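First comes the structure, then the notes that go with it.
Nothing in this text is a laboratory measurement; each read-out follows from the coordinates by a stated rule. Computed from a prediction, not measured in an experiment: that's the story for all the values here. Cβ placement follows ideal geometry from the backbone for every residue including glycine, while neighbour counts extend to all protein chains displayed.
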Amino acid sequence: TNNSRQTSSSCVNCYRLSKHQEFKNVPGLSKADIDWFVHWTSLELPHQLTDPRINAMARTNLELSPTTLIVAAQLDTLRDSGVAYAKKLRAAGVEVQLETIEGVPHAFFGMCAIFKTKCPEAYGHVVKFIKKFQ
């Protein structure tokens, strides 16, 4: 079997993690929004939680992954999924930089007019990460 196409229950567990109650009603991406998205996309992508071509958490051959930067939003319903992915990558020996931006919801990255200090903070992590490879 091709390892890149193998599935893992950890990706399903990742989705379950994203359904945690801590930020279920936060603006930007609530638990209800996630449930809606998964429901409607599953009609066209029934294996979205287990297919590694769609869901990176379903991959089992992560040791070939490149050095990775994950920028997580503290108030994001999906934050714990990003943390779980970072742990999975590290367990495979991949160098991972996980940065959590405090006090912001899921979609903050493109909302610079609202998050006037937090967007530049996140962008700074991205720029610094890219410059490591120059």
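Straightening the chain between N25 and F109 buys 28.4 nm, computed as 0.36 nm per residue apart minus the Cα-Cα spacing. Couplings 3J(HN,Hα) for the range 81-89, derived from phi with the Karplus relation 6.51 cos²θ - 1.76 cosθ + 1.60 (θ = phi - 60°), are 5, x, 5, 5, 5, 4, 5, 5, 5 Hz, where x marks Gly and Pro. Distant-in-sequence amide contacts of A73, defined by a placed amide H-H separation under 5 Å and a gap of 5 or more residues or a different chain, comprise I101. Could you tell me what fraction of 2.2 N^0.38 Å the Cα radius of gyration of the range 59-116 comes to, as a two-decimal ratio? Cα-based Rg divided by the globular estimate yields 1.26.
Taking 29 Å as the cut-off for C-alpha to C-alpha distance, list the pairs among K88/K132; K24/K118; K24/K128 that go past it. Those over the limit are K24/K128. Every Cα-Cα pair of the range 17-134 was included, and the share exceeding 24 Å stands at 35 percent.
Annotation: amide H-H contacts under 5 Å for Q97 (H modelled 1.01 Å from N, sequence separation of 5 or more, or interchain): T68, L69, I70. Amide H contacts of V26 (H built 1.01 Å from N, in plane; Pro and chain starts excluded): K31 sit under 5 Å, all sequence-distant by 5 or more or on other chains.
Charges at C-beta only: +1 for Lys and Arg, -1 for Asp and Glu. How large is the resulting dipole of the range 31-131 about its Cα centre, in Debye rounded to 20?
Numbers: 11 positive and 11 negative charges, 58 e Å.
That gives the range 31-131 a dipole magnitude of about 280 debye.
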